[in-house]
């Protein structure tokens, strides 16, 4: 059995996750109560034919996912069961468990799985999200170069807490494509190859990782556009809500869950606790990352 820290919880798992922070051996020596359990699905438990045909379902007590890697069942914000197909790629399995499956579990806990990089600067979290190819990794690297700490590279857990929202950290690794890893001077033989479609590696960031939760200061929503220079605009009203909804990791799995009264109200509350800035960048990529960083900080 393995024990890890993730999003402020203690995770117990029968499957190892090399990228996660392990709970101290001193703590696991005695009896340790985990908050979340990941284990193989018992032989007498199965997803229904209807579930498999639907591919996924998102609910407050029961969610599921079925794909070429395996079947996954998520219950009561606490339990994750999986059954991998024969010969399944273990990194794909881990990726689904820490991606869509964990996002479903966070949803059951009334938390948001935000598809973003999260950095901590001056005790507050900045969430960097946006469209594919908009420069999220580049801007994240710029924040880190200016002394910020990494809280999450792909998914951050965010919880609405009254007048604030809290960002809970993921794990001390950053995903980089091969070219980016080489450009940073990393020895690829020392990195974890996660064998994803985009040929990515896991780069250790332990020295720049922030393991504690922090209040969210702002969200930066990046988008390439037909502009000649960077344009920054603070969103309001429905635009702010739509940007927050679009940043959800589960947004690519549409369903009735998105418009449920309780979840919609919680989304409105969370989106109102911090400013969301739309940052338009030239499509040709001519904008320097340092310029983008300076303009965001000056805003």
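The values are calculated or read from the model by the stated rules, or taken from the named source; none is laboratory data. Treat the numbers as computed from the prediction; the structure is a model and nothing was measured. Here Cβ is always computed from backbone atoms with ideal geometry, including for glycine, and neighbour counts include all displayed protein chains.
Under the condition of being without any contact (Cβ under 8 Å) to a residue 60 or more places away in the chain and in contact with a strand residue (DSSP E or B) (Cβ under 9 Å, 6 or more places away or on another chain), which residue from region 123-140 is surrounded by the fewest Cβ atoms within 10 Å (Cβ to Cβ)?
Going residue by residue through region 123-140, those that are without any contact (Cβ under 8 Å) to a residue 60 or more places away in the chain are 132, 137, 140.
This time we only want the ones that are in contact with a strand residue (DSSP E or B) (Cβ under 9 Å, 6 or more places away or on another chain), so: 137, 140.
Working: 137: 18, 140: 23.
Applying the filter and picking the extreme gives 137.
Would you check which residues across region 221-233 are within 16 Å of residue 274 (Cβ to Cβ) and touching a residue at least 60 places away in the same chain (Cβ under 8 Å) and list them? Walk me through it before giving the result.
From region 221-233, those within 16 Å of residue 274 (Cβ to Cβ) are 221, 232-233; that's our starting set.
Scanning region 221-233 gives 221, 232.
Just checking, does region 250-273 include any residue being within 30 Å of residue 16 (Cα to Cα), crowded, with 17+ Cβ neighbours inside 10 Å, touching a residue at least 12 places away in the same chain (Cβ under 8 Å) and touching a helix residue (DSSP H, G or I) at 6+ places or on another chain (Cβ under 8 Å)?
Checked region 250-273: at least one residue is within 30 Å of residue 16 (Cα to Cα), crowded, with 17+ Cβ neighbours inside 10 Å, touching a residue at least 12 places away in the same chain (Cβ under 8 Å) and touching a helix residue (DSSP H, G or I) at 6+ places or on another chain (Cβ under 8 Å).
Would you point out which residue out of 140, 129 is assigned to a helix (DSSP H, G or I) and on the phi < 0 side of the Ramachandran plot?
140
Just to be sure, is residue 34 in contact with a helix residue (DSSP H, G or I) (Cβ under 7 Å, 6 or more places away or on another chain), surrounded by 15 or more Cβ atoms within 10 Å (Cβ to Cβ), within 15 Å of residue 6 (Cβ to Cβ) and in the same structural domain as residue 18 (by TED's automatic domain parsing)? Steps first, please.
Numbers: in contact with a helix residue (DSSP H, G or I) (Cβ under 7 Å, 6 or more places away or on another chain): no; surrounded by 15 or more Cβ atoms within 10 Å (Cβ to Cβ): yes; within 15 Å of residue 6 (Cβ to Cβ): yes; in the same structural domain as residue 18 (by TED's automatic domain parsing): yes.
For residue 34, the condition - in contact with a helix residue (DSSP H, G or I) (Cβ under 7 Å, 6 or more places away or on another chain), surrounded by 15 or more Cβ atoms within 10 Å (Cβ to Cβ), within 15 Å of residue 6 (Cβ to Cβ) and in the same structural domain as residue 18 (by TED's automatic domain parsing) - is not met.
When you go through 183, 145, 161 one by one, which is the residue that is surrounded by fewer than 15 Cβ atoms within 10 Å (Cβ to Cβ) and not assigned by TED's automatic domain parsing to the domain that holds residue 251? Steps first, answer last, please.
Details: 145 fails: not assigned by TED's automatic domain parsing to the domain that holds residue 251; 161 fails: not assigned by TED's automatic domain parsing to the domain that holds residue 251.
Residue meeting the stated conditions: 183.
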